Each structure stands twice: as C-alpha cells, then as structure tokens.
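Here's the structure we're looking at; comments come further down.
The values are calculated or read from the model by the stated rules, or taken from the named source; none is laboratory data. For clarity, every value in this text was computed on a predicted model and none was experimentally measured. Please note: Cβ atoms are built from the backbone with ideal geometry, for glycine as well, and neighbour counts cover all protein chains shown. Only protein heavy atoms, including side chains, enter the accessible area calculation; ligands, DNA and RNA are left aside. Shrake-Rupley method; radii C 1.70, N 1.55, O 1.52, S 1.80 Å.
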Amino acid sequence: MKRQNKIFVWGLIGVVIVLLFVLSVSYAYWMLREVQKNANIITTECFHLTFEEQSNSNIQLLDAYPISDEDGKKLTPYTFRITNQCKMKAKYTLRLELDEISTMDSKYVKVMLNQNPILKLNEFSEINPIGKNVKVAYLMEEMTILPQEEKSYEFRLWLDGGISSDNMEVMNRLLEAKITVDGEYDSSYTESLLNGADPVLKDGLIPVTIAANGEVKKANLANEWYRYETKNWANAVILEDESILYEDGDVIPESNIESYFVWIPRYRYQIFNQGLYYGLSENSDATREIQIVFETKKDKIFQGTKEGEWLTHPAFTAFDVNGLWVGKFETGYKGATISTEAEHNEQNPSKVQIKPNVYSWRTIDLAHSHLNSFHYKREYDSHLMKNTEWGAVAYLSHSKYGVMAPIRINNNSSYLTGYGSVIECEPGNLASECMVHGTSSDITVPYQEGNGLKASSTGNIMGIYDMSGGAHEGLMGVMSDKHGRPFSGRSSQLHSGFNGPLSCPTCDNDTSGITEITNGIDFPAYPYYDLYAYSEDTFDATRRILGDATGELGGFKALTSGSYTRGLNSWYQSDSFFITAQDPFFYRGYEAQFGTKAGIFQYTSATGTYFNGTSFRIVLAI
C-alpha cells in the first residue's frame, strides 16, 4: 500500500531551502555572544517559513555569563513559524545543525524549544543532516502540519549555568548552527472536519469503499473514501490472503476478506449529564444530539467533569491515539457452517473473522474472548472491546455524524452477523410482534438491504453493526473488590476465567471452598480494561466512568413484573443494570430475542462465564 507523497526540502538552492537563521555563540572569558543574521523569509509553492524580524525577536546577550535555567527561560527567544498553504497535510522535521567549524561541546549548551523541557544539546537525538559542512545535526521535533495550519516556534539557547569557572573546555570555543526544516507532502485525502483525526493505516489494513450492494473496492487514498459530515465512516479490511495485491479501485471479493473495521476518530464531547444516579426513581425521554468536536492526541486534553463542560473521550486518551478501529460486526468463528459450530470456549485467534452473514463466536468466557482479541493482531494492538470504547461508538452514533436514532435490532435467531429486523417498534414496546426473532426474510434481513441498513450506527452501510441484538457482547469493564482487585466472577462455577477473587464463593450451591481463581488467565495490564468501584447495588450508577454510556443515560425508573424489577434509563427505555459483586462484568446490546429491550444504550451485568448467547468484539488501537 503506497501513499502518494511528494518530498519537499526547505533550504540551500531553489526548491531546497534550509537556512532559517544562523546562530553564532562564542565563549571566551565568560562572554556569550549570539548574533542573528538578516531576516530570511522563504516561500515554496505551498509552504512559508518565516523568521520573525521584530525587534523583540533579537537575542543580544553581550558580555553575558553562563546562566541558570530559570534565567534561560526568561531570554527573549528567536521566533519563527511554518505555514502550510496547501490542500494537503505534510510531515516535517526540525533540526539544529552545527557547522563544522564549531568547537563548543554540545553538553555545555542548553536549549528550550517552545515550552518543551529544557535539555542539553547533546541530549537530543542525532539525525542525518540536510545541509552542507555540518558537524552534527540534532532532531528538535517531528510534526504533521495540516492544510492552512500554522506552527509557531520560540527557540532559546544559552550556556549551562553549571559550568565551573576553571573549565578550560569552554574557553575560547565557538558554536555556529542553523535550524533546518525538511519534510514530505502527503497528498492523501483528509476531511477538515476531523481536525487531523483522520484514519491511521498500517500495512495489511486496506482502506475500502463499500457500495450499496455490499461490493468492496480498494480505496484510492487521494480521493474521498469517507466523509463523517455525511455519516460515511471510514472502513478498512484485513485480507485472508495478503499475498494477493489489489490496485486502487479493484473489487476485493468477500472470499478474501477476513475482517472489517470502522474508524472512530478521536473526539471530545460536551457532558450532557453528570450521571451520578443512585437507585430508581423516574425517567423521561432525555435523548439528544451529543455535541462532538474531533481532535488529535497533540491537542489539549479536555478534562471536564460537569454538565456543559467538554471531555476528551477516555477511550482515546487511554491508548493515546487519534482514533480506534472497531470491529464492524461481532466476531465470528471461521469455518462454522451452522450456529452450533461457532460455540467454542477456546484460545484460537486463527479462527477470528469479522464479517457479515457469519455465525457469531459464542459460548466463550471473557478470559478467552480477551486472549483471542489480544493475540489476533498484536502489530495493531488488537484487544477486547472495553466498556468506555462501546460508549465512544454509542455517543458518536448519537451525534450529527451518526444515526441519532434507535438502532434496529439484529433479531437473527441463528446469530448471523449484520442482520436487521424487518419490524420497527417504538422503544419500550414489549408487544409480541416487537419481540419476534427468526431467520426468514419476513423477520430479518442482511446488512446491505433496506431494513438491514437501519441496524447500523450510521443508518447506512458504512457504520457498525450488531450493537443492538445479535449476541450479548462481553466487555472489559469489571468491578473491583474492596481492595481494588478486579473480580474473576461470583463463584468457582460462574467466573470469567481470569485469575482473581470471587465475590460470593458459596453462591450457586458452590461447596468447593475456593475463594479465588488462581489457575486461570491473568488480567492484562492497564489500559486493556476499565475498572469500576465496588458496590452491591445494581442500580448504583454513581460509579460510572464519564463517556461509558451508563450513568449519563439517567434518570432511571423501575419496571416491576412480579418479583423481578428492571431498571430503565432515559435513552429509549433501555435496560440498565450496573455491575455488582454478584455480577462484576459489563455486557452490552442484548441478544436477538430481546426485541425492544435491546439497544446500543442497553447495559447489564454478568459473571463473565460462557453461555450460548455471549460473544465479543475486537478493537485496534494504532
């Protein structure tokens, strides 16, 4: 997979334009002199590099001595800026190149670029120079600059104040250097709306377009292949046979697609409800458009906690990424030709497939779901979906960039992926016709057909499926015991397969005396699971993590039938049962037979063990 890139270099002659400014530093008898040369404003076709010539940009430290870092930070900086006037983004490298006549040892020179940490010059990584007559070049920064974006810099340089007065290594020494910039145009398509959070691709992850009939073609990266403004989310596939090469525009047959993924760009959202609800009282329709602004990991992290404040969604900050590739469908079991052949509680990532019209991999506990997800594509940081990651998809789906409506249930009773119910019912309607499930075309249809499209997070074929109905998806969202350790489960008979304490060792007629699972699978390290505070109340939503689509969906009311009480949230009357000591793991979406009880905003709790209706979803963090 080749990107259409164009190399540019600022400096030297013609299109090679390097010299921005020259610094001359000499040291003799405790004197430091830095001389700024004439202004050098250089323009390429798209890029402007400007060394600011304002009077306050001149550093004149005549008859100055080595100074402390505190005084160094107060120096008037050299200032310069880089402006991208093209319609394409670019990656560039900022260097400080020492002229070959320099005799000052770099370890005695301190440097501060913008507000970055102060370092000795020799603490910067060495890099190949692009200028002539260069003794050594140091890497100052590598950055991406977006179309119409401007980057400003302040550069300070001084002699280390810790130099002793009898240090002969610094007497009568000279440092002469220049700042150079080079880089690479990236002509691939970007959407300005995303503010730089465009899809991140790696070899083996093939960008695609999907036609209305489901036909998949390799995308041309120079052309529009996604547009979140019109709810067309970016899709990519992993091939069964990666030795087969496809040109841009080629049809990729379904038989050679192993997995589909959909890009969830990094964003911040405006908190619409603090979500600190305890118990059941009442609810009303609280659905709304969730306000979202896309951002990158280089932007300020918003840390709001109250309604109206902005919060960078924690699904992205946990992995420090510009977005996540989320499995387009529930994970299927490769080779299964009937539903029961997809039931395996085993570690076998070679059986992973994420496609439409395949049988969901079921009857699997959370530990084995984790192992299959984690070892599926380590080079892409694959992992089992977390509760906060589910929330990230749910919130995007209910912004103006998603369907912003109830997602139609996958009511295929054979657990085939990507299906949608033919019948549409209002949320909360439990009439028999709203609970119907089956396999015939008058009940359920595939993902590319009219009603099937309504089972997508976007209402079209470019979104994510099976987040309402299908199989019940187990997530990496677990409650801790009173000592902060994640529970393995309830008893030695009902647990996740992870090592850890049991919440009720004598429950479920368990007489084994086992209080902790020690012969299972270790929990992965942070950030591969969300940890929630201890509680014995399934309606205690005060433990929510902002962004996980649980407590923020309140208020909650009770719906009692006999001795059974359901908690219903204020978003489409979805079932809401927070994790407890009895059931310490989150499960989302419900199953095919749950009708209007199912939904992307539904959540419930379970022990993490395997049963017929459980499945899982894989996420890539690259």
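Specify whether the C-alpha gyration tensor of the range 177-333 places it in the rounded, prolate or oblate class, a ≥ b ≥ c being the square roots of the eigenvalues: rounded for a/c under 1.5, otherwise prolate if a/b is larger than b/c and oblate if not. Oblate shape, in that a/c is at least 1.5 and b/c is the bigger or equal ratio. Could you compute the FRET efficiency for D320 and S432, with r as their C-beta to C-beta distance and R0 at 60 Å, rounded to 0.05? Calculated transfer efficiency: 0.80.
Label the range 505-583 by shape, choosing from rounded, prolate and oblate, from the square roots a ≥ b ≥ c of the eigenvalues of the Cα gyration tensor; if a/c is under 1.5 it is rounded, and otherwise prolate applies when a/b is larger than b/c, oblate when it is not. Since a/c reaches 1.5 but b/c is at least a/b, the shape of the range 505-583 is classed as oblate. If eta is 1.306 mPa s and T is 10 °C, what Stokes-Einstein diffusion coefficient results for the chain, Kirkwood Rh from Cα pairs, in µm²/s? Reported coefficient: 59 µm²/s. Spin-label model, Y65/R227: points 7 Å from Cα along the beta carbon direction are separated by 6.6 nm. Extension gain for T542-K202 works out to 118.5 nm (0.36 nm per residue, less the C-alpha to C-alpha distance). The calculated FRET efficiency for the pair Y278 and K132, based on their C-beta separation and a Förster distance of 60 Å, comes to about 0.30. For the listed residue pairs K297/K400; K231/K297; K107/K151, the alpha carbons are within 31 angstrom of each other in every case. Of the trypsin sites (Lys or Arg not before Pro) found in the range 214-294, the ones in coil according to DSSP and having at most 15 other Cβ atoms within 10 Å of their Cβ are R288. Maximal additional length on extending the A212-D510 stretch stands at 102.0 nm, based on 0.36 nm per residue less the C-alpha distance. Positive-end ranking of M462, Y603, P253 along the dipole of the chain, with charges on Cβ about the Cα centre, is headed by M462. Ignoring ligands, DNA and RNA, what percent of the 1.4 Å accessible area of the chain is carbon and sulfur? Percent of accessible area from carbon and sulfur atoms in the chain: 48.
Placing +1 on each Lys and Arg Cβ and -1 on each Asp and Glu Cβ, with no other charges, gives the range 361-494 a dipole about its Cα centre of roughly 460 debye.
The value of relative contact order for the chain, using C-alpha pairs under 8 Å at least six residues apart, is 13 percent. Which one, A394, H383, I423, projects farthest toward the positive side of the charge dipole computed for the range 371-431 from Cβ point charges (K/R +1, D/E -1)? Farthest towards the positive end: H383. Dipole magnitude for the chain: about 640 debye, using +1 per Lys or Arg Cβ and -1 per Asp or Glu Cβ, origin at the Cα centre.
What is the calculated FRET efficiency for E341 to Q593, with r their C-beta to C-beta distance and R₀ = 22 Å, to the nearest 0.05? Efficiency, from the Cβ-Cβ distance: 0.60.
Does the range 501-549 come out rounded, prolate or oblate, given a ≥ b ≥ c as the square roots of the eigenvalues of its C-alpha gyration tensor, rounded meaning a/c under 1.5 and, failing that, prolate meaning a/b above b/c? It comes out oblate by the Cα gyration axes. Only the Cβ atoms of Lys and Arg (+1) and of Asp and Glu (-1) were treated as charged; on that basis the dipole of the range 491-583 about its Cα centre amounts to roughly 280 debye. For the chain, what is the calculated [θ] at 222 nm in deg cm²/dmol (nearest 500), taking -39500 (n - 2.57) for each run of four or more DSSP H residues and dividing by its residue count? That comes out to -1500 deg cm²/dmol. Each part reduced to its alpha carbon centroid, the range 331-402 and the range 116-162 end up 44 Å apart.
Looking at the range 372-470, which trypsin sites (Lys or Arg not before Pro) are in a loop (DSSP not H, G, I, E or B) and have at most 14 other Cβ atoms within 10 Å?
K400
Projecting the Cα atoms of W225, T103, F616 onto the dipole axis of the chain, where Lys and Arg carry +1 and Asp and Glu carry -1 at the beta carbon, places T103 farthest toward the positive end.
On full extension, the segment bounded by D522 and T76 gains 155.2 nm, given 0.36 nm per residue less the C-alpha separation.
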